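Single-structure report; data block below.
The values are calculated or read from the model by the stated rules, or taken from the named source; none is laboratory data. Given the structure is predicted, the values throughout are model-derived calculations rather than measurements. Virtual Cβ from ideal backbone geometry, glycine too; neighbours counted across all protein chains shown. Calculation scope for accessible area: heavy atoms of the full protein, side chains included, ligands and nucleic acids excluded. Shrake-Rupley method; radii C 1.70, N 1.55, O 1.52, S 1.80 Å.
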Amino acid sequence: PRTSRSFSPESGSPASASYRHSQGSHPELDLQHPLLAVIPGDVRVILQVPREDGDGHVWTADRSGSISIYSQYRGEFVLQVNHDMQCPLSLALLDDRVWAGRADGDIVVFDQAASAKKQLTAHSGAVFCLLPIRNQTMYSGGADWKIREWDMELTLLREFTGHANSVRCLGWSGNLLFSSGDDHQLCGWDVANQVSTDGATVTLDAYGSPATSMATSPTHIWTGTQDGTLCCWQTSGEKVSPSYEAKVHTKSINAVLLVGVHIWTASSDQSIQISDAHTGVVIKSLERHSGFVRCLGLVGELVWSAGSDKNMAVWGCNMSEDHYKLRAEEALMAMGAMKQQLWRLQSSFEEERTKSAGVVRRPGALV
């Protein structure tokens, strides 16, 4: 029954009574009592799906093989989808359709009414990750070591090879698509300009342990590894440079999520750590789950987590000020990189002009 799967406010939390909030009301993160509610659910993946009627949905890929749908704002169970899912491992939203990657290598595409529209034979192994880009293209990564590119018409466009083991996570930063996984490598792909699909534009032997998860911004990449290390990389165009490594967990990191200026990590050590995104310093440890924590999902300005204890926890987080601060910093960095690129192009152009005229001039000087 629906009532058995609705939200259960956490006793003792002063914010719990306010969870059933109206749209536009966002509880703040109280670092002493941030837990708002608990929902029963044996879940692998959590995805927010906005709706035109204003009451968004939250889709979850369940370990039972089904997909469950919840009301984002009322916190009520809405629907369960049983489509012979063969263990859905990944979910992503593209053009109002939800893509579900399966353990058997197929991808099932649903409309928002949860009606299956098409089933794609995507990979020869499990589809571990899906990444939509600019609401135009979907990328999938799988156990067959490959990355595949799909358009909005559900047509396979290209296949990228270069990994030596399973592709576990995908992200976008700078001008590149990034991927990582069991081969300990971080690969960057210039999908807009790369002619060959055999081999990445940038390949780094990045980790001492396989990467399991990734979060990205326009200027940074954060990855979590099986040994509990959070790795940060700075990106600029096609350049990638290491920023820091921080041992934030004692066991495998299973999910990484960027929330404002913080990085949330979920681990098999049964904890969620909230770290400073710029330094990797742990600010707060959340230990509500009694089993390993599988996944994290950003739902509006709330964070949902799910674990092997067959519960989902809902956490409050006010990221408004910090979120815009980080975005402003990234915009300034991106503008600086763009100015440098324009200056190099101008200098190259002027050098060619002066050479053709037989005149040697200082780069950047007017001709």
One residue is enough: does segment 133-142 have a residue meeting the conditions part of a strand (DSSP E or B), among the aromatic types (Phe, Trp, Tyr), touching a His at 6+ places or on another chain (Cβ under 8 Å) and at pLDDT 90 or above?
no
Criterion first (within 30 Å of LYS284 (Cα to Cα), touching a residue at least 12 places away in the same chain (Cβ under 8 Å) and of a type in the set (Asp, Glu)) does GLU159 satisfy it?
no
Just checking, does segment 166-173 include any residue being open to solvent by 30 Å² or more (accessible area, probe 1.4 Å) and closer than 28 Å to GLN119 by Cα?
yes
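Take ARG63 and tell me if it is modelled with pLDDT under 90, charged (D, E, K, R) and open to solvent by 60 Å² or more (accessible area, probe 1.4 Å). Working first, answer last.
Working: modelled with pLDDT under 90: no; charged (D, E, K, R): yes; open to solvent by 60 Å² or more (accessible area, probe 1.4 Å): yes.
No: the conditions fail for ARG63.
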Answer with yes or no whether GLY142 is more than 26 Å from GLY260 (Cβ to Cβ), surrounded by fewer than 24 Cβ atoms within 10 Å (Cβ to Cβ) and among the small types (Gly, Ala, Ser).
no
Which residues, taken from segment 221-273, are buried (at least 21 other Cβ atoms within 10 Å of the Cβ), of a type in the set (A, V, I, L, M) and assigned to a loop (DSSP other than H, G, I, E, B)?
VAL248
For segment 278-293, does any single residue satisfy the condition of being part of a strand (DSSP E or B), open to solvent by less than 20 Å² (accessible area, probe 1.4 Å) and farther than 22 Å from ASN165 by Cα?
yes
Condition check for SER213: of a type in the set (Ser, Thr, Tyr) and more than 16 Å from the chain's Cα centre (by Cα):
no
So the check is Cβ under 8 Å with 6+ separation or different chains; which pairs have a first residue in segment 225-246 that's among the acidic types (Asp, Glu) and a second one that's outside any loop (DSSP other than H, G, I, E, B) and surrounded by 15 or more Cβ atoms within 10 Å (Cβ to Cβ)?
GLU238/LEU176; GLU238/GLY188; GLU238/VAL202; GLU245/THR229; GLU245/LEU230; GLU245/CYS231; GLU245/CYS232
Could you run through segment 120-132 and say how many residues are within 20 Å of the chain's Cα centre (by Cα) and either open to solvent by 20 Å² or more (accessible area, probe 1.4 Å) or at positive phi (or both)?
4
Filtering segment 143-162 for residues that are under 19 Å from the mean Cα position of the chain (by Cα), under 21 Å from ALA103 (Cβ atoms) and in a strand (DSSP E or B) leaves a count of 4
Looking at ALA206, ALA215, ALA211, which is the one that is open to solvent by less than 30 Å² (accessible area, probe 1.4 Å) and at pLDDT 95 or above?
ALA215
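Can you find a residue that is of a type in the set (Val, Ile, Thr), in contact with a His (Cβ under 9 Å, 6 or more places away or on another chain) and at pLDDT 95 or above anywhere in segment 114-128? Can you show your working first?
Looking only at segment 114-128, we keep the residues that are of a type in the set (Val, Ile, Thr), and these are 121, 127.
Checking which are in contact with a His (Cβ under 9 Å, 6 or more places away or on another chain) leaves us with none.
No, that holds for no residue.
When the residues of segment 302-314 are narrowed to those that are farther than 9 Å from VAL38 by Cα and either open to solvent by less than 10 Å² (accessible area, probe 1.4 Å) or in a strand (DSSP E or B) (or both), which ends up modelled with the lowest pLDDT?
Filtering segment 302-314 down to residues farther than 9 Å from VAL38 by Cα leaves 302-310.
The next check asks that each one be either open to solvent by less than 10 Å² (accessible area, probe 1.4 Å) or in a strand (DSSP E or B) (or both); those that pass are 302-307.
Details: LEU302: 90, VAL303: 94, TRP304: 95, SER305: 96, ALA306: 97, GLY307: 96.
The qualifying residue modelled with the lowest pLDDT is LEU302.
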Taking segment 185-200 only, how many residues are open to solvent by 60 Å² or more (accessible area, probe 1.4 Å) and touching a residue at least 12 places away in the same chain (Cβ under 8 Å)?
2
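Restricting to segment 133-146, give me the number of residues that are closer than 15 Å to THR216 by Cβ and in contact (Cβ under 8 Å) with a residue 12 or more places away in the chain. Don't jump to the end; show me each part of the working.
Kept after step one, since they are closer than 15 Å to THR216 by Cβ, are these residues of segment 133-146: 133-134, 139, 141.
If we keep only those that are in contact (Cβ under 8 Å) with a residue 12 or more places away in the chain as well, we get 133, 139, 141.
The number of residues fulfilling the criteria is 3.
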Long-range neighbours under 8 Å by Cβ, at least six apart or interchain, first residue part of a loop (DSSP other than H, G, I, E, B) within segment 163-177, second surrounded by fewer than 24 Cβ atoms within 10 Å (Cβ to Cβ) and among the hydroxyl-bearing types (Ser, Thr, Tyr)
GLY174/THR219; GLY174/SER236
Six or more apart or on different chains, Cβ atoms under 6 Å: show the pairs whose first residue is in segment 101-119 and more than 15 Å from LEU154 (Cα to Cα) and without any contact (Cβ under 8 Å) to a residue 12 or more places away in the chain and whose second is assigned to a strand (DSSP E or B) and not small (Gly, Ala, Ser).
none
Quick one: in segment 70-119, which of the residues that are open to solvent by 30 Å² or more (accessible area, probe 1.4 Å) and at positive phi is farthest from the chain's Cα centre (by Cα)?
ASP84
